[in-house]
Amino acid sequence: MEGNEPEAEVCIKCKTEFHGDNGYYKCDLCFGSVHKDCVNLTSSEVRCMPLQKRVLLLICDECKQLIARMPYQI
Ligand SMILES: [Zn+2]
Ligand SMILES: [Zn+2]
């Protein structure tokens, strides 16, 4: 539990507000929220997302672009 989250969170991809549903993921790098429909996950990736110890990182397009411009450090 983390307390006060801003209420009007917008999708980092389409910049549309969320409407209280759970139809979104969080980017593992910037922790921005993005609609499930706005990330192109494969069906096996979708099944991995609820796992506590998943290896898969969800990385939004903006972070992917950042990574592409940086020396790879992870
Ligand atoms: Zn979206
Ligand atoms: Zn991100």
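None of the figures in this text is laboratory data; all of them are computed from the coordinates on show. Small disclaimer: the values here were computed from a predicted structure and weren't measured. A quick note on method: Cβ atoms are made from the backbone with ideal geometry, for glycine too, and the neighbour counts reach across all protein chains shown.
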remark   = Result: in the range 7-74 the number of Lys pairs with C-alpha under 16 Å apart, spaced 8 or more or on different chains, is 8
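If you wrap the range 7-74's Cα atoms in a convex hull and average its projection over all directions, what's the area in nm²?
5.2
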key: Cys48-Val10 pseudo-label distance in nm [points 7 Å out on the Cα-to-Cβ vector]   = 3.0
